[in-house]
Amino acid sequence: MKKMLLIFIVLLINVMFSVAQQEDWFFNSQSLIINVDVLSKASIVPKSENYNVDYVKINLSHFPYESFNQQILSFDSLPNGETEGNTLIFLWEDISGDIDFGYSAKIRTNSNMVKIKEKILFPLKDVPSELSSFLLPQEIIDSDNEEIIKFASKLVEGEDDLFVVVNKLASWTKNNIEYNLSTLTAEVSQKASWALQNRQGVCDELTSLFIAMLRSVGVPAKFISGVAYTNSPLFPENWGSHGWAEVYFPGYGWIPYDVTYGQFGYIDPTHIKLKEALDSNDPSVKYRWLARNVNLETQKLDIDTSLEEFSGRVKKPIVLEIELLKNKVGFGSYNLVEVVLENLEDFYISSEVLISRPSEMGLEGNVIQDILLKPMEKKSAFWIVKTPQLDRNFIYTFPISVNTVRNFSETVNLISSVNEIKFSLDEVKDIISQKTEQNSKKYSKDVNLSCTIDKEEFYSYETSVVRCNIKNIGNVFLEHLDVCLKNSCSNFDLGISQKKGFNFTFENIESGKQQLVVKLKSSQVSKGEYLDVKILDEPLVSISEVEFPLEVSYDDKFDIVFLLDKVSVSNPKNMELILSQNGFENTWIIKELYKNQKFSINILGKDLRKGNNVFTVSAGYEDGNGRKYYVEESFSVELVNVTIIQNIFLEFNTFLRNIGSLEPKSLIIVGVGSFFVFLLLLRVIFRKK
């Protein structure tokens, strides 16, 4: 049985792995084999009976050819055509009727990347003359438009790294031009300047604007058209015509950028390159004919694409680490999701990184961020999330995942409950600012900042002390350092290998779980130390929801009900709860009150006194420091309709209660006297009978 179970588990794992591969094959396969069938038709339509056709020549520039990421395994044209450069030429002579043409191709595509290992200075100098045409404005890619020139220049102002410049332009285009399948862009490509003004378009408009901005700042770029795969619900078919760009990097050649798919510096293996052009409106098919009294009617290319095989898995180039500012926060709290990405390779890598979380959880900013990592670089990306307001009686767990475009992912769980720490949006933004500044100031790593607090949990009326030690572990004399906790700051210099200590005293802080931030700053350094504290409010209890009858009779039984309501977050301790009436007490000892508690006490009417009876519920308790607190609540119950005999018994009961507190000698005297009084009462009663 165990062997069968093991076999089943192994088979299940293999099936799950196979399913996972199938779901993301278009991102992570090392290579694909894809079949592409392209067909079209032209019809010779005579305008009169007296016509003739000498020839029809069709130039098809939309066909696959060998390139860095694709190899042609087989290619058959219909009818047989001749290739000239990147054009397939069909020729018919003395023909009539319909002309069918096209091809069938089997293509192997790869996930190869051009590995750019060193910084290429921007602006480019001495662009080769043979590439000058890829710098010129075109009808659609109007890179001479003044708005495009100014906008692109402002975006890349101050940058001197070509890879950074290209990625900035690509990222802006992807994140700010809305993909919109409107009638304006569905049939006719709009100019790049139109896309910039209207902030919308499809792949042609996004790519044209991207290329126009590149050309406007002196970077050669070309328009690529072909076929690619998408799993977007916007499209009825997964395979379809697509446009992207190639950008020239000196020393490396042409590098693909697909701004629509968010693939910068590479393309996934579903991309089949069929044409490259100066402009996006360059026709894929050109017709020439010599004829008399004839019209030539043409049709669009019909492209049918199918996957035959996928194999291999791309190497994981990036390591992800996901960390929350706090793993536990309160309802309605903001929280910081920090993702540390590390480039394991010695070349530039760009990747989309996206966050996934439950729909109930809010998100500030974009779901997707474009991250550029230089060779062997480690960098942080930040998202701000917000927990919803939920039922205070439950604890909730929210899974948060971060994925790269190639489906490498990490997940962390965020726990939320009513009593946990709460962060405002400004507090989280301030932490991001501090972390970003710390990474940007090169001497931050040369300073050790460590702080402790004398108590991590204390009451709001107490005073507490934070003690910090700061040491210069670098080789630079650090001047004009400021160390601050809230509004309390100290300014100092710190020599090489020197260490200084500072104490901060604070009190009257608002209760609740909080994070104290000690900041160390100068023009050279930025550091932050975060201390978790729990500020306890003073324990507070109320006696509420008291239920009792206003009037009762001698023979009645009734209940007194009340709620011991824990109003504070902190727990009252060593509580003595007392219900007192007519000198009698019911007492409860509660070591620590964790939650509201209801009490119900059964009372007999014959245990009361005639008339008004005052009940008092009181609670004496302490906080964790032994500080004492007291609360009480009083109410009255009236004993009515008392007969003479009942009144005698009531008085006798009262008498018995009173003598219970007498000294022994007094008790004997009262006892003897009471005996004679009792005899006297009996005599009176029997005489009446």
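Partners of Lys606 within straight-line reach, counting aspartates and glutamates whose Cα lies under 18 Å from its Cα and excluding those fewer than 8 residues away in the same chain: Glu551, Asp555, Asp556, Asp559, Glu585, Glu638, Glu651. Legend: distances between Cα atoms for Lys154/Lys486; Lys117/Lys154; Lys326/Lys573; pairs beyond 32 Å are Lys154/Lys486.
Taking label points 7 Å from Cα along the Cα-to-Cβ direction, Leu155 and Lys486 give a separation of 4.6 nm. Compared with the dominant Cα axis of the chain, that is its longest principal axis, helix 146-155 is turned about 50°.
For segment 534-613, rounded, prolate or oblate, judged on the Cα gyration tensor with a ≥ b ≥ c (square roots of eigenvalues), a/c < 1.5 rounded, else prolate if a/b > b/c? Because a/c hits 1.5 or more and a/b exceeds b/c, segment 534-613 counts as prolate. When the GluC sites (Glu not before Pro) in segment 43-140 are filtered for DSSP coil states and for at most 16 other beta-carbon atoms within 10 Å of their beta-carbon, the remaining sites are Glu49, Glu66, Glu118, Glu139. How would you classify the chain from its alpha-carbon gyration tensor, with a ≥ b ≥ c the square roots of the eigenvalues: rounded for a/c under 1.5, else prolate if a/b is greater than b/c, otherwise oblate? Prolate.
For Leu234 and Asp454, compute 0.36 nm times the residue count separating them, minus their Cα-Cα distance, and round to one decimal in nm. Display every interim value, and only then the final one.
Values: separation 220, 0.36 × 220 = 79.20 nm, distance 5.89 nm.
Extra length available between Leu234 and Asp454 comes to 73.3 nm.
In this structure, Val412 and Val45 have a Cβ-Cβ separation that, at R0 = 60 Å, corresponds to a calculated FRET efficiency of about 0.35.
Gain on full extension, evaluated as 0.36 nm per residue between Leu290 and Lys115 minus their Cα-Cα distance, stands at 58.0 nm. Quick one: of Lys315/Lys513; Lys168/Lys527; Lys115/Lys471, which pairs are farther than 32 Å apart, Cα to Cα? Distance filter (> 32 Å) returns Lys315/Lys513; Lys115/Lys471. Neighbour counts of other Cβ atoms within 10 Å put His242, His480, His62 in the fewest-to-most order His480, His62, His242. One decimal place: the segment Ile644-Ser433 gains 67.5 nm when fully extended, by the rule 0.36 nm per residue minus the C-alpha distance.
If R0 is taken as 30 Å, the Cβ-Cβ distance between Arg199 and Glu360 corresponds to a FRET efficiency of 0.50. Counting only the backbone N, which residues of segment 483-514 are under 12 Å from the spot 7 Å out from the Cα of Asn625 toward its beta-carbon? Output list for this probe position: 507-509.
The residue among Val114, Phe223, Asn472 whose Cα reaches farthest toward the positive pole of the charge dipole of the chain, with charges on the beta-carbon of Lys, Arg, Asp and Glu, is Asn472. Helix 644-659 and the longest principal axis of the C-alpha atoms of the chain enclose an angle of approximately 80°.
Between the listed residues Val319, Pro64, Asn487, the Cα displaced farthest toward the positive end of the dipole of the chain, a dipole computed from Cβ unit charges relative to the Cα centre, is found at Asn487.
Compared with the dominant principal axis of the Cα atoms in the chain, helix 162-176 is inclined by about 70°. Each Cα pair under 8 Å and six or more residues apart adds its sequence gap; the mean of these over the residue count of segment 129-268 is a relative contact order of 24 percent. Cysteine residues of the chain whose C-beta has no other cysteine C-beta under 4.7 angstrom: Cys203. For Lys150, a cut-off of 14 angstrom between C-alpha atoms picks up these aspartates and glutamates, skipping any fewer than 8 places away in its own chain: Asp142. Fewest-first ordering of Met113, Met376 by other beta carbons within 10 Å of each residue's beta carbon gives Met376, Met113.
Around the Cα centre of segment 248-331, unit charges on the Cβ atoms of Lys, Arg, Asp and Glu (plus for the first two, minus for the last two) sum to a dipole of about 140 debye.
Computed from the coordinates by the stated procedures, all read-outs in this text should not be read as laboratory data. Just so it is clear, the structure is predicted and the values come from calculations on it, not from any experiment. Glycine gets a Cβ as well: all are built from the backbone with ideal geometry, and neighbour counts include every protein chain shown.
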